[in-house]
Amino acid sequence: MKYGNGSRVDFLLEDPARPPCYAEIKNVHLMRRSGVAEFPDAVTKRGAKHLQELSAMARAGAQAVMLFLVQVGSARSFVLARDIDPAYGRAFDAARAAGVEALARRCRVTKTGSRSQRPSPFENSR
């Protein structure tokens, strides 16, 4: 689904009784410290653009969600890798200030699929 300035949203959830919900999903598989999953694993201008688009949707009255799916089974928490992409960190902070919700969920990945297990706490998210 196209929205904003030429972006495509991962999911647009609609219900006549609620504002639309724009959801972006990022797969998280970087772990440089034991138990701590991180995103991004490289500079991601496109990821920062997605955050800006979600911010615009939130300011317009929609619900906007950034979901980080942690696919490292031993991860106990999640943090932004601000040292890898400081611009993404700034875009994330601006998105949160605009009303974008941020969630991190740990997944159990097997040969037959992936299943969300439980929330992963944000560590040092600022």
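The values are calculated or read from the model by the stated rules, or taken from the named source; none is laboratory data. Not measured: the values here are computed from a predicted model. All Cβ positions, glycine included, derive from the backbone under ideal geometry; neighbour counts span all protein chains shown. Just so you know, the surface numbers come from the protein's heavy atoms only, side chains and all, with ligands and any DNA or RNA stripped out. Shrake-Rupley method; radii C 1.70, N 1.55, O 1.52, S 1.80 Å.
For the reader, a short list of remarks on this structure follows.
- Here the spin labels are modelled as points 7 Å beyond Cα on the Cα-Cβ line, and at A94 and M31 they lie 3.3 nm apart.
- Placing a pseudo-label 7 Å from each Cα along the Cα-to-Cβ vector at D83 and V43 gives an inter-label distance of 1.8 nm.
- Cα-based helix-to-principal-axis angle, 86-98 vs the chain, degrees rounded to 10: 50 degrees
- C-alpha long axis of helix 45-59 to longest principal axis of the chain, angle in °: 50 degrees
- Selection among A87, Q52, G35 by position relative to the dipole of region 18-111 gives G35 as farthest towards the positive end (Cβ unit charges, Cα centre).
- For the chain, the solvent-accessible area of protein heavy atoms averages 58 Å² per residue (probe radius 1.4 Å; ligands and nucleic acids excluded).
- Accessible area of the chain belonging to carbon and sulfur atoms, whole % at 1.4 Å probe: 50 percent
- Contact order relative to length of region 9-56, as percent, for alpha carbon pairs under 8 angstrom and 6 or more apart: 23 percent
- Relative contact order %, region 1-97, counting alpha carbon pairs below 8 Å whose residues are six or more apart: 31 percent
- Computed FRET value (nearest 0.05) for R18 with R105, which takes r as the C-beta separation and R₀ as 22 Å: 0.55
- Global form of region 1-106, assessed from the alpha-carbon gyration tensor, a/c cut-off 1.5: prolate
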